[in-house]
Amino acid sequence: MSDKGKENQQEQVQKQDQEQVQGQENSLRIQILVYRCMGIDLWSPTIANDRPLLTAFTMGPLFLFVAPMFMAARKYITQVSALSDTLGSTFATVLTLVKFLLFCYYRKEFVGLIYRIRSILDKEIREWPGAREIVETENESDQMLSLTYTRCFGLAGFFAALKPFVAIMLTLIRGSAGDTELHLELPHNGVYPWDNQVVLYYVPTYLWNVMASYSAVTMALCVDTLLFFFTYNVCAIFKIARHRLVHLAAIGGPEELESLVQILLLHQKGLQIADNIADQYRPLIFLQFFLSALQICFIGFQVADQFPEPQSIYFIAFVGSLLIALFIYSKCGENIKSASLEFGDGIYESNWSEFAIPTKKALLIAGMRAQRPCQMKGYFVEASMATFSAIVRSAMSYIMMLRSFNA
């Protein structure tokens, strides 16, 4: 009987381990997929399991694409319409390269945070079954948001690749056979040392543009969706701590205080992880808001200038992806801020009046700390819905100003 009991216990432990591994994979499905497209193993803190050739093949065209775009920006410095189109793509490329370098620099820390968050949540699920529902809800929200984000950016990349053919078809349809000269266009403005009107040079240049777009979209998805995972799972830690505090039984004695200490330690872990995420993403948050605001101005001007021409569909998709990216960054910052403040609400919702004196004293200190929310800041820019609204309002004003310059 003892041997069977040990076997059953081992089977239960193995089953729990399998469920934990499956939960880890399910919570990062989109993230693992996009990182694999870049040749990166998200579960490894080093490049040992990566495919460096795929990473170089993916990011190489984007690094090389910076030179033609900067040359184009210099060429079109006096042409508002062409300059705005060029700068929109240039800023997107620079932001993507920053994201790639940021991940390379903080890769060990990012992977360590993934394992740390999962171990904390798995431990809470084992000790308190009610935590599973909170974790699953947050992971579902993370995956749904990541999937929507992926579709929007993928759609913008698809329209970028399609834009030259739409322009060529419109030229052929509107013109007559005798007086129309076919002009080959590219997805992004650039200055090249060869003549792109020659088909032999146009085809590889077009493929270079498409590869650069693919790299920009995929790397942006890698870093941004990983941020979604971090924020939603940190919110899960805060919510678990709050629920445990609300349901803390007033049993008195050292057991009651010890239970409260465990809850406060869990809350402290959430605060530490949130601070680590904010520190590592701080330069990216600043650039994301600053460059996205400029991109919205320039690309929004293209939408206003070319609408209702069919080419404006690409710019509409581009602006939509930028707005969605800004909104999601703002929403992630708002979620962490709200979840950290809700822990303080949990103190008032608990049975604090029935707790022992030492427990009440500990709650006073915890309540004072809970009044300071966690904030995701890009130096002097906070990722919040208020910042998002201010950027959109300012962008609309600058678009009208650019239109007056082009009138």
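For segment 74-96, the set of residues classified as free of Cβ contacts under 8 Å to residues at least 60 places away in the same chain and open to solvent by less than 20 Å² (accessible area, probe 1.4 Å) consists of 90 only.
Just to be sure I understand, how many residues within segment 204-216 are open to solvent by 30 Å² or more (accessible area, probe 1.4 Å) and touching a residue at least 24 places away in the same chain (Cβ under 8 Å)? If you could, list the steps in order and put the result at the bottom.
Here is the first cut: in segment 204-216, the residues open to solvent by 30 Å² or more (accessible area, probe 1.4 Å) are 204, 206-208, 210-211, 214.
With touching a residue at least 24 places away in the same chain (Cβ under 8 Å) added as a condition, the list becomes 206, 208, 210-211, 214.
Total meeting the criteria: 5.
Quick one: is residue 171 closer than 24 Å to residue 79 by Cβ, open to solvent by 30 Å² or more (accessible area, probe 1.4 Å), assigned to a loop (DSSP other than H, G, I, E, B) and modelled with pLDDT under 90? No: the conditions fail for residue 171. Residues in segment 262-287 that are under 24 Å from residue 245 (Cβ atoms) and among the charged types (D, E, K, R): 269, 275.
Going by the conditions given, is residue 280 open to solvent by 10 Å² or more (accessible area, probe 1.4 Å), at pLDDT 80 or above and in a helix (DSSP H, G or I)? Walk me through it before giving the result.
Numbers: open to solvent by 10 Å² or more (accessible area, probe 1.4 Å): yes; at pLDDT 80 or above: yes; in a helix (DSSP H, G or I): yes.
Here the answer is yes, as residue 280 does meet what is asked.
Looking across segment 97-124 at every residue that is among the charged types (D, E, K, R) and farther than 23 Å from residue 262 by Cβ, the one that is surrounded by the most Cβ atoms within 10 Å (Cβ to Cβ) is identified as 99.
The single condition among (1) within 18 Å of residue 231 (Cβ to Cβ); (2) open to solvent by 50 Å² or more (accessible area, probe 1.4 Å) that residue 396 does not satisfy is (1).
The values are calculated or read from the model by the stated rules, or taken from the named source; none is laboratory data. None of these values were measured; they are calculated from a predicted model. Note that we place each Cβ from the backbone using ideal geometry, even for glycine, and neighbour counts take in every protein chain shown. Please note that ligands, DNA and RNA were not included when accessible areas were found on the heavy atoms of the full protein model with its side chains. Shrake-Rupley method; radii C 1.70, N 1.55, O 1.52, S 1.80 Å.
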